[in-house]
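The values are calculated or read from the model by the stated rules, or taken from the named source; none is laboratory data. Just so it is clear, the structure is predicted and the values come from calculations on it, not from any experiment. Backbone-built Cβ (ideal geometry, glycine too); neighbour counts: all protein chains shown.
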Amino acid sequence: MLKPGPARRLVVTVNESDRRHGRPVYNVLLELFRHRGLAGATVSRGIAGFTGQEAIRTVDLLDLSSSLPVRIEVVDTEEAVERVLPDVYDIVDRGIVEVQETRIVKFAPGEAAGAPESRREELMRLVGKAKMLRIHIGADDRWEGEPLHEAIVKRARQLDIAGATVYRGEIGYGAQKRLHRHRPFALSKDDPMTVSVIDTEEKVDRLLAAVDGMVTGGCLIAISDVTVVKYVPHEEGAPGQEGEGERSTS
């Protein structure tokens, strides 16, 4: 298991159309890293780029098969990275292979384990009277460079809130009576967004105090009384596990 301290980042950039024995090179690399027991790997698809003297290629929403750069990134110990490099050289006929020094600050693989007894007791206590916090903002709202709704969810997680869900509206308006519509292909998408949280009054008040300074633009924040009739968190790895898990009645 990775531990905090010095490590290596292996970055391989290839073209998504590159094949090895008829299979995408990035898939071959992923299987190699998994087979060799590396901590994890991520594949990112570029939205624009070029290789050598080729023409610049950009993502086309109507042509998802465009040949664009694909970046495979792995972070592990120096020994683990050095162990796979010979195979990487053999697989990658064209592209870029980089090895960079990095430092592990935290590595949490998230093993599937039963919830501690104290946590189970806390979940049981949530069933009953609770508070629902709804924060209505716009998709373009930002906090320190990231979408405001994402920042609020992260803050809720830091405060150990039972769950948070973000809803994207199709159409809506606020105090200025200006309609906001969801336009899938628009560059600017100021869609109406709602962050919904359900937890005990104490925790909701704590979150409200934390996000008060984050919400500076147009918004509507409301708190209502709810009754939680059942709270069953999704098991690790289950589909849709990032939802709230609550069912409530007002």
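Contact map, segment 141-152: first residue within 14 Å of T194 (Cα to Cα) and hydroxyl-bearing (S, T, Y), second residue surrounded by fewer than 19 Cβ atoms within 10 Å (Cβ to Cβ) and modelled with pLDDT of 90 or more, Cβ cut-off under 9 Å, separation 6 or more or different chains; the map is empty.
When G174, G114, G110 are checked against the criterion of being in contact with a strand residue (DSSP E or B) (Cβ under 8 Å, 6 or more places away or on another chain), at pLDDT below 90 and part of a loop (DSSP other than H, G, I, E, B), G174 stands alone in meeting it.
In segment 1-24, which residues are part of a loop (DSSP other than H, G, I, E, B) and buried (at least 16 other Cβ atoms within 10 Å of the Cβ)? Listed by number, the residues that qualify are L2, E16, D18.
Would segment 69-88 turn up any residue that is modelled with pLDDT of 60 or more, in a loop (DSSP other than H, G, I, E, B), in contact with a strand residue (DSSP E or B) (Cβ under 8 Å, 6 or more places away or on another chain) and surrounded by fewer than 17 Cβ atoms within 10 Å (Cβ to Cβ)? Checking segment 69-88: not a single residue is modelled with pLDDT of 60 or more, in a loop (DSSP other than H, G, I, E, B), in contact with a strand residue (DSSP E or B) (Cβ under 8 Å, 6 or more places away or on another chain) and surrounded by fewer than 17 Cβ atoms within 10 Å (Cβ to Cβ).
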